[in-house]
Amino acid sequence: MKTYPLNEKNVKLIGRTEGYGDKLLCSLSGTGFEFSFRGREFIITVTGGTEAKNMPDNEGNCARFAVYINDERKADILMDEEEKSYGWGSDEVTSCTVRFIKLSECAMSGGLCVSLSAEGEIKPTPEKPFKIEFIGDSITCGYGVDDPVAEHHFKTATEDFTKAYAYRAAKLLDADYSAFSISGYGIISGYTTEEIPLDQLVPPYYEAVGFSHAEFVNGKKPQDIPWDFSRYVPDLIVINLGTNDASYCKSIPERCETFAAEYFNFLKVVRKNNPGAKILCSLGIMDNTLCEYVEKTAERFAAETGDKRIYTLRFSTQDGSLGYSADWHPTEATQIRASEELVAKIKEIMA
C-alpha cells in the first residue's frame, strides 16, 4: 500500500481545504476530495472531528462524513472516536471514481484530518467547466435534514450537506462547488430569540479557510488561516444570507437598514476577491422578511458601482406543506424544490 499525498497532483480538492503534510484538513460543510482509482484496494483514514463534542452546548456532536464510489454512498460515518477508516477492496483490478465529503458543518463538528493509502493508481477527476461558490447558513449546511421532527434540535448526526439545495444544484448543473456556510450566522446578527448574538457573523470569516470553535492544526483555528482565492475561481457566487438576521431585525426599519448597509459592504468584499464572477443574492427558503432589502441592496450596488453582474432570487418560502425538519428547518423535499428554483435561475443568468 502506498500513501498518496492529498494534493492537487493526486486528487481534485473540493471546497476550502488545507494541506498538512500528506494529509488534508477539512472543516467546512461539503469539503473533501475526489479521484479516479484503478487498482485492488484503498483505505481512507480520518482523525479528529471529535475535539468539539465536549465543548459547552455541543455535547455529543462530532464530525460526519461520507464516501461515495461511482456516485453511490458506501459509507456514512460519525467521528465518535479519534480515528476511523473506510477500506474498499477487490480481488481484481478495478476502476472507479471515489469521493470523500464532509457532511457536517465547521462550527460544531471540528476539522477532519484525512489520509489515503492505496494499492493501485489514483489521479484527480477532471474539473467541471462551471464552478459555483455558495455562501450561506444552516440551510446551506443541511441542518436537521435527516430529522423529520420539527421540535428536535441540532445534531451533527442529522445534518447532511449533500441533501441541501446547494449540493443538489451543483449536481444538477454538473458543476464543481465550494461552500462557506455556518449555522445560525448572518450579516449583522446570528439567530436569536432573546439575547442578540451580534458576533455570529459570516463576513468576518469569509476571507479565511473556514470557521470552527475547535482548533484545526498547530493551535490554529480555520479562521486563523487566510484563504487563497486563486485556488478556486468561481463563475458564479450564490449568497443565501439573511434568515438569521431576520430574527434580530424583526421588520424594525432601523435594523433592516443596518442589515442592508452591511450587506452592501459584504458585496464589496465578495466582489474584491472574485472579480470575474457573477453574484446571485438569494433569500426566502425559511423566512422572507429581508428579501426586499436584499433585492434593493443588489440594485443599489449595481447602480453605484456599475457592476451589472449582480442578480437576485426570491425562493419559495416553506409553509409546512412539505413538512419541517429539526428546529423547523427545510425538509429534503423543500431543499429539492429550492435546488430546482436555483438551477432555473442560474440557467437564466448564465445563458
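The values are calculated or read from the model by the stated rules, or taken from the named source; none is laboratory data. Keep in mind that this is a model prediction, so the values were computed, not measured. Every residue, glycine as well, gets a Cβ built from its backbone with ideal geometry; the counts of neighbours run over all protein chains shown. Ligands, DNA and RNA are stripped out before the accessible areas are found, and what is left, the full protein with its side chains, is counted by its heavy atoms. Shrake-Rupley method; radii C 1.70, N 1.55, O 1.52, S 1.80 Å.
Summary of values
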read-out: Qualifying residue in the range 75-87 (condition: among the polar types (S, T, N, Q), over 19 Å from ASP176 (Cα atoms), modelled with pLDDT of 95 or more and surrounded by fewer than 21 Cβ atoms within 10 Å (Cβ to Cβ)); value: yes
read-out: Flag if VAL209 is in contact with a helix residue (DSSP H, G or I) (Cβ under 6 Å, 6 or more places away or on another chain) and open to solvent by less than 20 Å² (accessible area, probe 1.4 Å); value: yes
read-out: The one condition in (1) over 30 Å from VAL233 (Cα atoms); (2) touching a Gly at 6+ places or on another chain (Cβ under 8 Å); (3) of a type in the set (D, E, K, R) that LYS102 fails to fulfil; value: (1)
read-out: Filter pass, GLY39 being open to solvent by 20 Å² or more (accessible area, probe 1.4 Å), of a type in the set (Gly, Ala, Ser) and assigned to a strand (DSSP E or B); value: no
read-out: Residue satisfying all of: in the range 187-197; of a type outside the set (S, T, N, Q) and either crowded, with 19+ Cβ neighbours inside 10 Å or touching a residue at least 12 places away in the same chain (Cβ under 8 Å) (or both); farthest from ILE139 (Cα to Cα) among these; value: ILE196
read-out: Check on PHE216, buried (at least 22 other Cβ atoms within 10 Å of the Cβ) and on the phi < 0 side of the Ramachandran plot; value: yes
read-out: Scope the range 71-123; condition free of Cβ contacts under 8 Å to residues at least 40 places away in the same chain, under 22 Å from SER36 (Cβ atoms) and aliphatic (A, V, I, L, M); matching residues; value: ALA75
read-out: Any chance LEU236 is within 16 Å of ALA107 (Cβ to Cβ) and surrounded by 17 or more Cβ atoms within 10 Å (Cβ to Cβ); value: no
read-out: Which listed residue is crowded, with 18+ Cβ neighbours inside 10 Å and basic (Lys, Arg), from LYS308, LYS296, LYS345, LYS272; value: LYS345
